[in-house]
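Take a look at the structure set out below.
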Amino acid sequence: MAIIISGKELSLQKKEIMKQKVSTFEEKYGRLPKLSVILVGDNPASVSYVTGKGKACAEIGILNETIKLPESTTQEELLNVIEKLNKNVLVDGILVQLPLPKHIDSNSVINAIKPEKDVDGFHPQNVAALYLKQKGILPCTPRGIIQVLDSKNLPIQGKKAVVVGRSNIVGLPVAKMLLDRNATVVIAHSKTYNLPEVCREADILIAAVGRARMITADMVKDGAVVIDVGVNRDPETGKLCGDVDFENVKEKASYITKVPGGIGPMTISCLMENTIECYLEHVGGNK
Ligand code: NDP
């Protein structure tokens, strides 16, 4: 029976430490960190994510504004908003909640954010920094996954890690981070031949697919560490569930994360960390 790693608890501990740190900032640097979030349209999932981010800022003492724009906003209008935030010296982090309406090109929007304020770590300059092992802003979800492994001192070096999913925001960057920690990494995807066999090789199995409970117990090696990134609706109950069949897989894994309460809260606390790190760069506090 696996030990459940609670991302919720870990993120609470991290937020408490950040709160203490931020409480010293005004005196030291003359102002507080600020995160500006842009929400275009009213997609319910996006609204809920943006609300969660605002709540975390409030808990820690980070200033937060959510700029709500109508679904009909043009790309040019959105780029103008970003440009103003880029120039505003009191704004440390800019986050554009994805997905954007179809008439807006997400890449152009991401590219428009000043890399030093790109708290999501999606700008090509920050992506390149990760791949070239240079200083940059790390994407939040992969950063949270590594922190979850480190929270239990789970060894990564020399382990075989299988990452299911190859998106730019989760699968690829977490694979690179695991590789940088000297894991032997396999990236699986929708065209992978015999996925169960590939997954069964994993000492560390990361599921970032977006398909409810697709990782079943027969796909998991005894004693594997299983990290579930997926956020799905259970087709039967409508409740939130992950990519992993938690109830059965927990009987085989050594450590496992849950959905909800696993990687989701870690993503938010890493966003807060990124915002604080950007702020410290801006106020010269990292020097
Ligand atoms: P994407 O849809 O961008 O990528 C999904 C990946 O899964 C693709 O690489 C795809 O392969 C692969 N895939 C799809 N079907 C299969 C299959 N049957 N077998 C193997 N691989 C498959 O998703 P994201 O990476 O953005 O997100 C993944 C999940 O993580 C989602 O549920 C999302 O909601 C969740 N998420 C959670 C976050 C959190 O904070 N907890 C943050 C971000 C995402 P291919 O490339 O071949 O199409």
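The values are calculated or read from the model by the stated rules, or taken from the named source; none is laboratory data. Just so we're clear, the structure is a prediction, and the values are computed from it rather than from any experiment. Here Cβ is always computed from backbone atoms with ideal geometry, including for glycine, and neighbour counts include all displayed protein chains. Surface areas here come from the heavy atoms of the whole protein model, side chains and all, with no ligands, DNA or RNA. Shrake-Rupley method; radii C 1.70, N 1.55, O 1.52, S 1.80 Å.
Put a dot 7 Å past the Cα of TYR131, heading toward its Cβ, do the same for HIS189, and the two dots end up 1.3 nm apart. Each residue of the range 44-58 was assigned a 3J(HN,Hα) from its phi angle through the Karplus curve 6.51 cos²θ - 1.76 cosθ + 1.60 (θ = phi - 60°); the sequence is x, 5, 5, 4, 5, 5, 5, 4, x, 5, x, 5, 5, 4, 4 Hz, with glycine and proline shown as x. Rounded to the nearest Hz, the phi-derived 3J(HN,Hα) couplings of the range 82-98 under the Karplus curve 6.51 cos²θ - 1.76 cosθ + 1.60 (θ = phi - 60°) are 4, 4, 4, 5, 4, 7, 6, 5, 8, 9, 9, x, 10, 10, 9, 5, 9, where x marks glycine and proline. Measuring with a 1.4 angstrom probe and ignoring ligands and nucleic acids, MET177 comes out at about 20 Å² accessible. With 0.36 nm allotted per residue and the present C-alpha distance subtracted, the GLU197-THR237 stretch has 11.4 nm of extension available.
A Förster distance of 30 Å, applied to the separation of the beta-carbon atoms of GLN13 and GLN157, puts the FRET efficiency at 0.75. Taking amide H atoms as placed 1.01 Å from N in the peptide plane, the amide H of VAL185 lies under 5 Å from those of ALA161, each 5 or more residues away in sequence or on another chain. Restricting the trypsin sites (Lys or Arg not before Pro) of the range 135-176 to loop positions (DSSP other than H, G, I, E, B) with no more than 11 neighbouring Cβ atoms within 10 Å leaves LYS135. Between the Cα long axis of helix 263-283 and the first principal axis of the chain there is an angle of about 40°, rounded to the nearest 10.
If a spin label sat at a point 7 angstrom from the Cα of ARG31 along the line to its beta carbon, the backbone N atoms of the range 244-284 nearer than 17 Å would be those of 275-284. Taking amide H positions as modeled 1.01 Å from N, with prolines and chain starts lacking one, the residues under 5 Å from VAL40 and 5 or more places away or on another chain are LEU69, GLN97. Of the listed residues THR237, THR66, THR73, the order by accessible area with a 1.4 Å probe, largest first, is THR237, THR66, THR73.
Would any residue of the range 48-91 have its amide N under 20 Å from a label point 7 Å out along Cα→Cβ of ASN111? List them or say none. Answer for the range 48-91: 74-87.
Given R0 = 35 Å, the distance between the Cβ atoms of GLU247 and LEU98 translates into a calculated FRET efficiency of 0.65. Computed 3J(HN,Hα) for the range 198-208, one whole-Hz value per residue from the Karplus formula 6.51 cos²θ - 1.76 cosθ + 1.60 where θ = phi - 60°, is 4, 5, 5, 7, 6, 7, 10, 10, 10, 9, 9, glycine and proline marked x. Can you give me the Cα centroid spacing of the range 79-141 and the range 185-261 in angstrom? With the range 79-141 and the range 185-261 each reduced to a Cα centre, they are spaced 30 Å.
Between THR24 and ASP180, what FRET efficiency follows from the Cβ-Cβ distance if R0 is 35 Å, with the result rounded to 0.05?
Details: r = 31 Å, r/R0 = 0.90.
So the FRET efficiency works out to roughly 0.65.
Two decimals, Cα atoms only, Kirkwood Rh: what is Rg/Rh over the chain? Reported Rg/Rh, Kirkwood definition of Rh: 0.97. Largest accessible area first, the residues ARG31, ARG213, ARG233 order themselves as ARG233, ARG213, ARG31 under a 1.4 Å probe with ligands, DNA and RNA left out.
Given a 1.4 Å probe and the protein chains as shown, HIS282 ends up with an accessible area of around 70 Å².
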